[in-house]
1. Regarding LYS358, is this residue modelled with pLDDT under 80, of a type in the set (D, E, K, R) and not in a helix (DSSP H, G or I)?
2. Could you go through the stretch 308-317 and let me know if any residue there is open to solvent by 80 Å² or more (accessible area, probe 1.4 Å) and under 48 Å from the mean Cα position of the chain (by Cα).
3. Tell me, which helices (runs of 4 or more DSSP H) wholly within the stretch 421-498 include 1 or more residues that are at pLDDT below 90, buried (at least 16 other Cβ atoms within 10 Å of the Cβ) and of a type outside the set (Val, Ile, Thr)?
4. Any residue that is modelled with pLDDT under 80 and more than 29 Å from ILE53 (Cβ to Cβ) - is there at least one of those in the stretch 212-224?
5. Taking the conditions exactly as written (assigned to a helix (DSSP H, G or I) and either charged (D, E, K, R) or open to solvent by 10 Å² or more (accessible area, probe 1.4 Å) (or both)), does TYR238 satisfy them or not?
6. In the stretch 324-333, how many residues are open to solvent by 50 Å² or more (accessible area, probe 1.4 Å) and at pLDDT 80 or above?
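The values are calculated or read from the model by the stated rules, or taken from the named source; none is laboratory data. Just so we're clear, the structure is a prediction, and the values are computed from it rather than from any experiment. Heads up, the Cβs are rebuilt from the backbone with ideal geometry, glycines too, and the neighbour counts pull from every protein chain shown. For accessibility, only protein heavy atoms count, side chains too; no ligands or nucleic acids. Shrake-Rupley method; radii C 1.70, N 1.55, O 1.52, S 1.80 Å.
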Amino acid sequence: MNRKILIGLFFIGQFLTAQNFQSVEEVNDHCSALGFMSNEEAEITVDRILDEIGLFRNFVLQECPNINNAVAKNIQTSGGEKVRYILYDNEFFNRIDQKAANDWASISILAHEIAHHLNGHSLNNRGSNHKFELEADFSSGFYLAKMGASLEEAQSAIRTLRYERATATHPAKADRLKEIEKGWRKAYKNIKTINDEPVVEENNEIEVFPYDIDKQTKNFSLGSEAYNEKKYTLAADYFLKSYQYSAGDELTSLYYSAATSVLDKQYNKALPKYIRLFEVGYTGVNTTYSATDKKTGEQIIYATKVEMDNAVKKRRYINPKTETSKSKVSEIVKNIALIYASLGEYKKALKYLEESKKYNIDKYDLIIQEANIYFKMGNTVKFREKMEEAIKLKPNEPDLYYNLGVIYAEVDNSYKARLYYGKAIEIEPTYKNAYLNLGALILSEENYLVEKMNTLGTSKEENIEYDRLQEKRMGLYREAKPYLEKAYSLGSVDAKNTLNNIYEALGEDKRID
């Protein structure tokens, strides 16, 4: 009995490679003729990347649907001239951003492809190799740090990859993450060196200027205008100058500058501001006293409670109010911790999260933040402990069960992984990723069966064992199928190819186009 070497059908999460265009005419036929050139958002993003590194564009950027990727190519025209292209599938970018839960993921992919051109990788037309990919990953990390991305955001696209090991063309996921981190840290170090406003010393002091009330109020007003126009980089700078020209007394301006830097994703600029606010004990608490004029209905603000009480005694003013804003200490401490975590400074992040327990911070939120940091540190034991603590506080939160399912699947505890995925689905019947991962978990058991079947000989006993294992294998397909069909019905495109393979293996006359 002759048998072919068996290969499993577990293809979920694998990305297709881009179409191998050989000429500009082929590109035009496939892309431009369909009405696709390049959308404005992609053009702006590419220019932002190039502006940060001071280089001009030396390639054509073109949208190309249905290639399920982005690729840097050196393509020949009919006249023999080589033209550099970056081709991209915008729907692919959208799926990556959705998985990564941020828009830095697609930016990093564009940065990676730009790096291929700027490093001359596309000139040989030999395709991908480990050296080129790692060089482009390093450059991508460098570019994104200069654009203001955190380390986690710079790595977010690669983190969505579910295949961990190296392939013939691409390095292992862990190696790629390390290279992005190297590039990011190099740029971040340079940013801290050359950025002279604010001036941050080792003790997190920010340079202040001689007191100038006109410049302080003018900069605060300009900051407010820029903020309302959503020009956050400009607003943060103006608020900072307002603080500096107050000789360091106007801490509210510094708080606005820090908070606006966070909105602008300039975490490296926000961090020293928040630390300064924490060290001087800024609370942001503000008490106002007001009463209403009975005749005009106008609300009058008083400097002190005594002034307000005296006005009310005259009986012309009514509805006295004393309003105190909530302390901002808990927000400041938590933001310091989260920024340190985004910069990969996990021990400092945990230190500030511990400090935040002294303040009125939601216990559930605190546990989740700690869990996320332990996950980034690779400490899955502490991550599980924190997630199980969180479940006690919010037993009907499906994401908690889903994340525990992911962690138990990673350590090959299939029983608990199924249990937690099932619980997530029980709470939220439309939890797409839980169905997808449950189907993938079932199919992962196929690898063991395939390996065993490939070792069998052709004796009568071994043929019987082979048939038994083959039936068990078909049973896995039948068991996984409804979960994958449900995931696909909820919009998971990752399930499509695997489902088609299952239909074919089971002999079903069915296919998803």
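1. Yes.
2. No, the stretch 308-317 has no match at all.
3. It comes to 432-444, 446-455.
4. No: the stretch 212-224 contains no residue that is modelled with pLDDT under 80 and more than 29 Å from ILE53 (Cβ to Cβ).
5. Yes; evaluated as a whole, the condition is true for this residue.
6. Total satisfying the criteria: 2.
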